[in-house]
1. Please work out which residue is surrounded by the fewest Cβ atoms within 10 Å (Cβ to Cβ), limiting yourself to the range 107-141 and to residues that are touching a residue at least 12 places away in the same chain (Cβ under 8 Å) and more than 22 Å from R208 (Cβ to Cβ).
2. Pull out all pairs, ordered by first then second residue, where Cβ-Cβ is under 7 Å, the residues are six or more apart or on different chains, the first lies in the range 14-38 and is farther than 16 Å from E87 by Cβ, and the second is crowded, with 20+ Cβ neighbours inside 10 Å and at pLDDT below 90.
3. Looking for whichever is in contact (Cβ under 8 Å) with a residue 24 or more places away in the chain, more than 28 Å from E57 (Cα to Cα) and out of contact with any helix residue (DSSP H, G or I) (no Cβ under 7 Å at 6 or more places or on another chain) here; the options are P222, P145. Which one fits?
4. Anything in the range 70-106 that is among the small types (G, A, S), touching a strand residue (DSSP E or B) at 6+ places or on another chain (Cβ under 7 Å) and touching a residue at least 60 places away in the same chain (Cβ under 8 Å)? List them, or say none.
5. Say we look at the range 170-214 and pick out the residues that are in a strand (DSSP E or B) and polar (S, T, N, Q); which of these is nearest to R129 (Cα to Cα)?
6. For the condition more than 16 Å from the chain's Cα centre (by Cα), acidic (D, E) and assigned to a helix (DSSP H, G or I), what is the one hit in E136, E93, E87?
7. For the list (1) part of a loop (DSSP other than H, G, I, E, B); (2) loosely packed, with under 15 Cβ neighbours inside 10 Å; (3) aliphatic (A, V, I, L, M), I need the number of the one condition that I217 fails.
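The values are calculated or read from the model by the stated rules, or taken from the named source; none is laboratory data. What you are looking at is a predicted structure, and each value in this text was computed from that prediction instead of being measured. Because the Cβ atoms are built from the backbone with ideal geometry, glycine has one as well, and the counts that use them run over all protein chains shown.
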Amino acid sequence: MIDSQGTTDGGPHHGVGVIVVAAGGSQRMGGVDKIFAPLNGWPLVSYCLAALHHTLEVDGIVLVLSSRNIEQGRRLVQEYGWGKVLEVCEGGERRRDSVAVGLSRLPDSGWIVVHDGARPFVDAALVSRGLNEARETGAAVAGVPVSDTIKLADGERFVKETLRREGLWAIQTPQVFRRQLLAKAHDMLTGEFTDDAAMVEQVGARVRIYSGSSDNIKVTTPDDLRIAEALLDARKSPRPAHQP
């Protein structure tokens, strides 16, 4: 039974549900739907689904898609026998709406992992690190230290300030939350948020950043898709990990 902290007698990660958010409009892909865009011959979203399905700590997955992709997503899950995918459902207008839909489909999960369907290179180690870090504060997000020089500009693109790189992180997914905490943030807050971590920050939670990966890219443009193909070639892994 899940206690008030989102843990169970069965261990600290019992009841781990994953929400794969993939309901965006792909506006920067030149008319191509990035979620099912071919990456070395397989749909982009299949890479993260295969990896998450074979992550031992994951109990169930909800795939949240746009309405036009629902049937294609269900066929994909059925074809590859990903039994941990409990449901393929339609998302909302905003990213936070899609996450809320996923939350409603995972009522028995004490821990929630949110992952972007357009990040194909998630792996079990990333999920495990997130779960371990989230135990302390209830929330943890993957990230990499910023290496570029970052400048703050005004509305006319004139530099206002050059920011110190120390302490700056580029945030990725997976993002891991105690279910109770994430649900509270969604219940209390309205408006736009770029990620779920920003929401739980607003309700006073401390969010721990854990080490992500420079390979854990998000495919947003056609150039990103080419970079993903190059990464696969470098790995000598042309197909989704563990895919039959």
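1. D108
2. S26/K34
3. P222
4. Listed by number, the residues that qualify are G91, S98, G102.
5. Among those that are in a strand (DSSP E or B) and polar (S, T, N, Q), it is S211.
6. E136
7. (2)
Conditions tested, residue by residue: (1) in contact with a Gly (Cβ under 6 Å, 6 or more places away or on another chain); (2) over 25 Å from L39 (Cβ atoms); (3) modelled with pLDDT under 95.
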| site | (1), (2), (3) |
| --- | --- |
| R165 | no, yes, yes |
| Q172 | yes, no, no |
| L232 | no, no, yes |
| Q243 | no, no, yes |
